[in-house]
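Please read the structure below before turning to the comments.
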Amino acid sequence: MNEEIDDLKILAFAKAFADVQSYMHKAGNKASYNETRKIVKKHGLSVEDYTKIALRMNENSDFQNKVQEIINESN
């Protein structure tokens, strides 16, 4: 699980995460897995990569900080 995740993938994750959160907020309990999958793929990530990055963020505060820095720099 310690493979390197490049900054472009992290940036794609950040954009996908924001879009997924926005969709989930709007859709509420009508949110569908297929729609979230489409959002993730639209940003050039596989669902597996998206999940891998999210899990690593939960497990590793240093990685979480790195992702946050990349998100902040992209805004």
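Bear in mind that the values in this text are calculations on the coordinates, not laboratory data. Fair warning: this is a prediction, and the values are worked out from it, not measured in the lab. For neighbour counting, all protein chains shown are included, and Cβ atoms are generated from backbone atoms with ideal geometry for every residue, glycine included.
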Across (1) loosely packed, with under 11 Cβ neighbours inside 10 Å; (2) under 11 Å from the mean Cα position of the chain (by Cα), residue 39 clears everything bar (1)
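State which residue is nearest to the chain's Cα centre (by Cα) when the search covers only region 5-28 and only residues that are hydrophobic (A, V, I, L, M, F, W, C) and more than 15 Å from residue 46 (Cα to Cα). First the steps, then the outcome.
Residues of region 5-28 hydrophobic (A, V, I, L, M, F, W, C): 5, 8, 10-14, 16-18, 20, 24, 27.
The next check asks that each one be more than 15 Å from residue 46 (Cα to Cα); those that pass are 18, 24, 27.
Details: 18: 8, 24: 13, 27: 18 Å.
Among those residues, the one meeting the criterion is 18.
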Can you pull out the helices (runs of 4 or more DSSP H) entirely within the chain that have at least 3 residues that are among the basic types (Lys, Arg)? 7-27, 33-42
